[in-house]
Protein chains: 2
Amino acid sequence: MSGKLIGVGVGPGDPDLITLRGLKTIQKATVIAYPSTETGESFALNIVQGYLPENVQKIPIKIPMVESRFPGQLIYNTASDEIVTHLKSGQNVIVLCQGDPLFYGSFMYLHSRFAGKYPVEIIPGISSLNACAAVSQRPLCSRLESFSVIPAGMNEEHFRTKLENNEAFAIMKVGRHLARIKHLLNQNGMEERAVYVSHATLPNQKVLPLSKAPESAPYFSMILVPSKDEYVQFDT
Amino acid sequence: MSGKLIGVGVGPGDPDLITLRGLKTIQKATVIAYPSTETGESFALNIVQGYLPENVQKIPIKIPMVESRFPGQLIYNTASDEIVTHLKSGQNVIVLCQGDPLFYGSFMYLHSRFAGKYPVEIIPGISSLNACAAVSQRPLCSRLESFSVIPAGMNEEHFRTKLENNEAFAIMKVGRHLARIKHLLNQNGMEERAVYVSHATLPNQKVLPLSKAPESAPYFSMILVPSKDEYVQFDT
């Protein structure tokens, strides 16, 4: 009988933000796979380092960190081949996913290769979205309000349309787009209620009014724009 | 020294989907508050029943379940008064929140009463959004895609504008709006890729193509509409 591919959301950074189900799954793992830099550094792996059984077999998926590029098919094909060997031998393979596996996660590149062919299970994780809302204490949505998630790198015309047709936002992966996004929010009268968050739930976490955000924002930073109605000014 | 108000997201239903941090917090609780029906039934309380210390003091916040109505200010005022007594005596008060406290959660009605006046902490939880994506194995967003969350009860003209200006959606709290939403999605060529989910992560969970959704949907059901690019047909 084939093993199962299990995507586990390990949360945004604080190891205590993994779910019990994720923890139990990782503690029983014999093989784990995870995204890593080309030199083998892995944020997802670091989060759960303290929970891993000894002698767990590791499959780092070394992804070049180039923002604009579709992650190399070749890298995922190679990783999939290695994972398949384990599944065929009846072993489960746990894929560690920072945040939630299906929210801007690279897990979907594996998922699309395995769904329908091998048993797949997904254990959700605390996404950066919920983490940033929690640390900045900003409600995301309530009652009959809608809410949109926009990647900062979206083309500008498209981005403007989103701002004009929605009321509350999370702008993801701010990084080098910070100045441009600030300008766009300003033009739409939204800058004042916008909140900048980086490294949510980690010791170096920053929660600031957007006007006080550092000039150089890390790639994984976020801007939350609560709806006008929900915006309450207070210090966190 | 004053106690702290701590909102804890307990996840969508499966007790194993609470975070470790949420669990540790609940296990040390002396006073908990939670939304309940008028007869005292509480979904959030049920989820964590097995984790509660004996003799924990309970503050049910009895909220009339009327969809269209802004929850009674009076009810929250009364609950807040009771909570304040505990905070002033130096005790923390844990507020149990189904899903995530800040994602369509009633916690925000308490939060707005305490923020800036008493210490407040928020521990995020797995939202219904992440849970529904996981059980239906549908990626929410990737790369440069945006994603919108829309409550099914939103006024129809507004709803249409959302559909026309966004590509991927989660439609929340479907309930009695099911037939109308189906029709709207159909008009926008989105019905075929839409997925219906109810009771995610619970034993009676349902994941169905929207075309096969039951005629009478529970209030807390959801329709996921993945973007065209991400839609992959497979059985879950």
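The values are calculated or read from the model by the stated rules, or taken from the named source; none is laboratory data. Being a predicted model, the structure only gives us computed values, none of them experimental. Ideal geometry is used to build each Cβ from the backbone, glycine not excepted, and the neighbour counts take in all protein chains shown.
Odds and ends about this structure:
- B:Pro218 being over 20 Å from A:Leu102 (Cα atoms), out of contact with any helix residue (DSSP H, G or I) (no Cβ under 7 Å at 6 or more places or on another chain), in the same structural domain as B:Arg143 (by TED's automatic domain parsing) and not in a helix (DSSP H, G or I): no
- In the range B:114-136, of all residues being part of a loop (DSSP other than H, G, I, E, B) and hydroxyl-bearing (Ser, Thr, Tyr), the one that is nearest to the other protein chains (Cβ to nearest Cβ) corresponds to B:Ser127.
- Verdict on A:Leu129 being among the hydrophobic types (A, V, I, L, M, F, W, C) and surrounded by fewer than 23 Cβ atoms within 10 Å (Cβ to Cβ): no
- The residues of the range A:19-31 that are surrounded by fewer than 24 Cβ atoms within 10 Å (Cβ to Cβ) and not charged (D, E, K, R), listed by number, are A:Leu20, A:Leu23, A:Thr25, A:Ile26, A:Gln27, A:Ala29, A:Thr30, A:Val31.
- Among the residues making up the range A:113-126, none is free of Cβ contacts under 8 Å to residues at least 24 places away in the same chain and buried (at least 20 other Cβ atoms within 10 Å of the Cβ).
- Candidate set: the range A:138-161, residues that are crowded, with 20+ Cβ neighbours inside 10 Å and not in a loop (DSSP other than H, G, I, E, B); chosen: the one modelled with the lowest pLDDT: A:Cys141
- Condition check for A:Asp16 on (1) modelled with pLDDT of 95 or more; (2) exposed (fewer than 13 other Cβ atoms within 10 Å of the Cβ); (3) among the acidic types (Asp, Glu): one failure, at (2).
- Among the residues making up the range A:148-199, those that are farther than 14 Å from A:Met222 by Cα, in contact (Cβ under 8 Å) with a residue 24 or more places away in the chain and not basic (Lys, Arg) are A:Glu156, A:Phe159, A:Leu163, A:Glu164, A:Glu167, A:Leu184, A:Asn188, A:Met190.
- Hits in the range A:169-189 (condition: under 20 Å from the mean Cα position of the chain (by Cα), under 22 Å from A:Glu145 (Cα atoms) and among the small types (Gly, Ala, Ser)): A:Ala170
- Which listed residue is polar (S, T, N, Q) and facing chain A (nearest Cβ under 9 Å), from B:Ser146, B:Ser89: B:Ser146
- Annotation for the range A:14-26: at least one member residue is under 20 Å from B:Ala134 (Cα atoms) and part of a loop (DSSP other than H, G, I, E, B).
- Residues of the range B:38-65 satisfying the condition of being among the aliphatic types (A, V, I, L, M), touching a helix residue (DSSP H, G or I) at 6+ places or on another chain (Cβ under 8 Å) and not in a loop (DSSP other than H, G, I, E, B): B:Ile47, B:Val48, B:Ile59, B:Ile61
- Selected residue (only one of A:Leu87, A:Leu110, A:Leu96 is within 14 Å of the chain's Cα centre (by Cα), in contact (Cβ under 8 Å) with a residue 40 or more places away in the chain and over 28 Å from B:Pro151 (Cα atoms)): A:Leu96
- The range A:162-210, residues that are among the acidic types (Asp, Glu) and surrounded by fewer than 18 Cβ atoms within 10 Å (Cβ to Cβ): A:Glu164, A:Glu192
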